[in-house]
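See below for the structure under consideration.
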Amino acid sequence: MPTVLVPLLMAFDQILKLWALENLSPVPKPLLGDLLYLTLVHNSGAGFGLLQGKAPLLGWLSLSVGTVLLYLLASRRYPLGQALALSLIAAGALGNGIDRLGRGWVVDYLDLGTSIPLIAQFPVFNLADVCVTLGALLLLFAPRRRKRGF
């Protein structure tokens, strides 16, 4: 059932990115006071300034990860929490992979432009990044079944 989320989240991610391209600029616009801004960034690398200019490599890697996760979701049964987590990661990986291979960069627009230490330098991100992060956190904290025996 959570696999239905993948195309929905991918579509919403792409719609938000198109909206950002049409309506935002590199000049931050406050969305939630001083906590969250909307800022258009063309990211040709990964988060935190890593691998700048490597969009094609990162794009193929993202599409590969998303495709493998979709295959696993279709071919195996997972508990609901794990299936949801894998679906979120797949949607995020595919959403950013589409950007990297289609545009040569990822459209980022969510900016934690606050002066709070540790958060002040956080990179601008997008819905696909939120999906990957939430999925990873769900996997990290999902209850694990123990196998009996040796």
So for 141, 125, fewest C-beta neighbours within 10 Å to most, what's the order? 141, 125
Counting sequence-distant residues (5 or more places) and residues on other chains, those with an amide H built under 5 Å from that of residue 106 are 43, 44, 45
With each run of n ≥ 4 DSSP H residues scored as -39500 (n - 2.57), what mean residue ellipticity at 222 nm is computed for the chain after dividing by its residue count and rounding to the nearest 500 deg cm²/dmol? -18000 deg cm²/dmol
Residues whose built amide H sits under 5 Å from the amide H of residue 36, excluding neighbours closer than 5 in sequence, are 31
With label points set 7 Å from each Cα along the Cα-to-Cβ direction at residue 23 and residue 51, the distance between them in nm comes to 3.1 nm
When you have a sec, figure out the Kirkwood radius of the chain from all distinct Cα pair distances and drop it here in Å to one decimal? 16.3 Å
Taking θ as phi - 60°, what are the ³J(HN,Hα) couplings along the stretch 115-131 by the Karplus curve (6.51, -1.76, 1.60), each to the nearest whole Hz, with x for Gly and Pro? 8, 5, x, 6, 8, 4, 9, 5, x, 5, 9, 9, 4, 4, 5, 4, 4
Kindly write out, for the stretch 12-21 in residue order, the coupling ³J(HN,Hα) from the Karplus curve 6.51 cos²θ - 1.76 cosθ + 1.60 (θ = phi - 60°), rounded to whole Hz, with x marking Gly and Pro. 4, 4, 5, 4, 4, 5, 5, 4, 4, 4
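How charged is the neighbourhood of residue 126? Take every other residue with its Cβ under 14 Å from the Cβ of residue 126, and add Lys/Arg as +1 and Asp/Glu as -1.
On the way: positive: 17, 100, 103; negative: 13, 99, 108, 111, 129.
Net charge in that neighbourhood comes out at -2.
Roughly how many debye, to the nearest 20, is the charge dipole of the chain about its Cα centre, given +1 on each Lys and Arg Cβ, -1 on each Asp and Glu Cβ, and no other charges?
For the chain, the charge dipole is close to 1020 debye.
Every number here is computed from the coordinates shown, using simple stated rules; none is lab data. In this text, all values refer to a predicted model and were calculated from it rather than measured experimentally. Counting neighbours? That spans all protein chains shown, and the Cβs are built from the backbone with ideal geometry, glycine included.
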